[in-house]
1. Could you work out the relative contact order of segment 58-209? I mean the mean sequence separation of Cα pairs under 8 Å and 6+ apart, divided by the number of residues, in percent.
2. For segment 174-230, which chymotrypsin sites (Phe, Trp or Tyr not before Pro) are both in a DSSP coil and crowded by at most 13 other Cβ atoms within 10 Å?
3. What is segment 143-200 by shape, rounded, prolate or oblate, if you read a ≥ b ≥ c off the alpha carbon gyration tensor as root eigenvalues and call it rounded for a/c under 1.5, prolate for a/b larger than b/c, and oblate otherwise?
4. Nearest 10 degrees is fine. How inclined is helix 185-196 to the longest principal axis of the chain, computing both from alpha carbons?
5. Using only the Cα atoms of the chain, what are the Rg and Dmax in Å?
6. How much mean residue ellipticity at 222 nm does the chain get from its helices, if each DSSP H run of length 4 or more adds -39500 (n - 2.57) and you divide by all residues, to the nearest 500 deg cm²/dmol?
7. For a test of the definition: using alpha carbon positions, the gyration tensor, and the 1.5 limit on a/c, classify segment 105-184 as rounded, prolate or oblate.
8. Across segment 165-172, in residue order, what do the Karplus-derived ³J(HN,Hα) couplings come to in whole Hz, using 6.51 cos²θ - 1.76 cosθ + 1.60 with θ = phi - 60° and x for Gly and Pro?
Amino acid sequence: MSLTSTADQRRTTQPRKRGWAATAGLVVLAWVLICAVLVGWGWLLTHSLEKSIDPTDNDIARWFADERTSGLEPYADAGTFLGETIVGASAFTVVGILVSLVRRTWIPILLVAILEAGLGAYYFVATHLITRDRPPVKILDAGLDPNASFPSGHTATALVFCVGTLVLIWTYFRSARWWFVWLLLLPVATVLARLYQGAHHLTDVLTSVVYASVWLAVVAALVLPRRDRV
């Protein structure tokens, strides 16, 4: 192994110089702030902004329902499957373990653990504090709580899994990064699937895209090692 490749690997396996106690504190602080904004936005959607946003949200839900065909339903099922907690979280955990083993560092699996724990906590808090009816259309995903439309857990799960995997590849396997850019398309499929199935309003899935993206970006910035620009 050359000196250059050895130095390159060292940069991707060493943590930031910031102490881990300080990093943990910043992660917790970020989670609290994001959660506060998430709950605050949910309250606005279901109170102050309800009369102005719900009509548009409902019209969009009805449009998706009108476009349903038997040929599209398998694709919607596939997009929803990707966002299932057991699927997305398990697959992301496997990715984290593999990257940790190959690069001989525990940072990737730590990143996965923090992201998934944070996502679960966001969903638990938001769904318990914010009550929002599902769209006024037939819901194709049976068994959903009719009062837990906000936010979309499937969307957040799919986004963190797919984009988080891309972030790990981008950090630890830079030569292969462009081969996996297509992962960015998979969360889009989940968003469309949840709208197609009538499980969520447009604002529900867009909210999940925003908070999951911010959470992923913050945790990655705090936990993953710095690398020299190439």
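Read-outs: derived from the displayed coordinates by stated rules, not from any lab. None of the values given here were measured: they were computed from a predicted structure. Note that each Cβ is placed from the backbone with ideal geometry, even for glycine, and that neighbours are counted across all protein chains shown.
1. 37
2. none
3. prolate
4. Tilt of helix 185-196: around 20 degrees.
5. 19.3, 64
6. -24000 deg cm²/dmol, from helical runs alone.
7. Oblate shape, in that a/c is at least 1.5 and b/c is the bigger or equal ratio.
8. Going residue by residue, I get 4, 4, 4, 5, 5, 4, 7, 9 Hz, with x marking Gly and Pro.
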